[in-house]
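Accompanying notes for the structure given below.
Values quoted throughout were computed directly from the atomic coordinates according to the rules given, and no laboratory measurement underlies them. Small disclaimer: the values here were computed from a predicted structure and weren't measured. We place every Cβ from the backbone using ideal geometry, glycine too, and count neighbours over all the protein chains shown.
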């Protein structure tokens with residue numbers, strides 16, 4: 001009897017009171033958000049003209065558009081990794097007068113309308129822009145080329161990598177870096193051997209978001225480089241030319257590609273959550 005009484009006295013208060021109304025409210029709101037996000041995807045799968053999918057997916061233009069999107073998104077992500085992660089590290093560790101301004105500028109592509117981003121880039125990299133004219137004089141056109149697609153994607157997708165990597169670097173204990181420097185390690189070596197390995201999980205998540213954003217970019221790409229077709233641009237062409245049934249199989253391709261990248265990113269992020277690659 002004594003042990004039973006002790007068990008009752010030590011039971012959590014929430015268990016004695018039953019289900020809390022606040023917890024129910026949170027679960028209902030979470031479920032509402034989940035349904036809102038999932039419902040369009042479910043409807044997309046239900047509306048797919050499945051008998052027409054194989055023929056649509058073997059369309060040479062569709063295959064080429066998918067290849068261009070995958071290739072350009074991969075190049076974009078690699079370029080962003082090379083320059084964006086060091087920028088994120090600099091913002092996380094260094095204090096300089098223009099740091100708030102630089103931070104604000106990084107967020108500009110996130111709030112700019114995508115079409116405006118494309119126009120702004122066209123003014124710089126177009127055939128009459130200060131940079132584009134230099135290449136055009138040598139017979140190289142940056143707009144309406146794979147280079148133009150990468151430029152457009154990089155502008156709108158880079159902030160995802162920079163913001164995520166910066167947060168990851170800020171979570172790294174600065175004392176470990178300071179100790180390494182007192183032992184004679186250069187800043188470059190500290191970055192590669194201490195800071196980046198500990199922040200790699202967050203940086204990798206940011207790069208995955210960068211790839212996904214680049215793969216799905218439409219507005220800036222349509223202005224900067226309508227040709228060659230990327231998958232989003234080709235979906236728009238099919239939608240406006242032939243209607244929704246012609247665009248649905250291509251939307252399925254985009255959904256499948258995003259699902260694969262998200263799955264790989266989650267797997268890699270889980271494996272690199274702690275230094276040494278242990279989950």
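Data for the structure
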quantity: Ranked 190, 149, 116, criterion: other C-beta atoms within 10 Å, fewest first; calculated: 116, 190, 149
quantity: Rounded, prolate or oblate (a/c below 1.5 giving rounded, otherwise prolate when a/b exceeds b/c) for region 131-241 by Cα gyration tensor; calculated: oblate
quantity: Exposure proxy ranking, count of Cβ atoms within 10 Å, fewest first, for 188, 211, 50, 200; calculated: 188, 50, 200, 211
quantity: Of 29, 98, 255, the one that fluctuates the most in a GNM where the chain has Cα springs shorter than 10 Å; calculated: 29
quantity: Rh by Kirkwood over Cα pairs, then Stokes-Einstein D for region 67-271 at 1.002 mPa s and 20 °C, µm²/s; calculated: 116
quantity: Per-residue Cβ neighbour rank within 10 angstrom, fewest leading, 213, 138; calculated: 138, 213
quantity: Where labels lie 7 Å past Cα in the beta-carbon direction, separation of residue 119 and residue 36 in nm; calculated: 3.0
quantity: Two-site label geometry, residue 259 and residue 105: point separation in nm, points 7 Å out along Cα→Cβ; calculated: 4.1
quantity: Extension gain (nm, one decimal) between residue 181 and residue 25, 0.36 nm per residue minus Cα-Cα; calculated: 51.1 nm
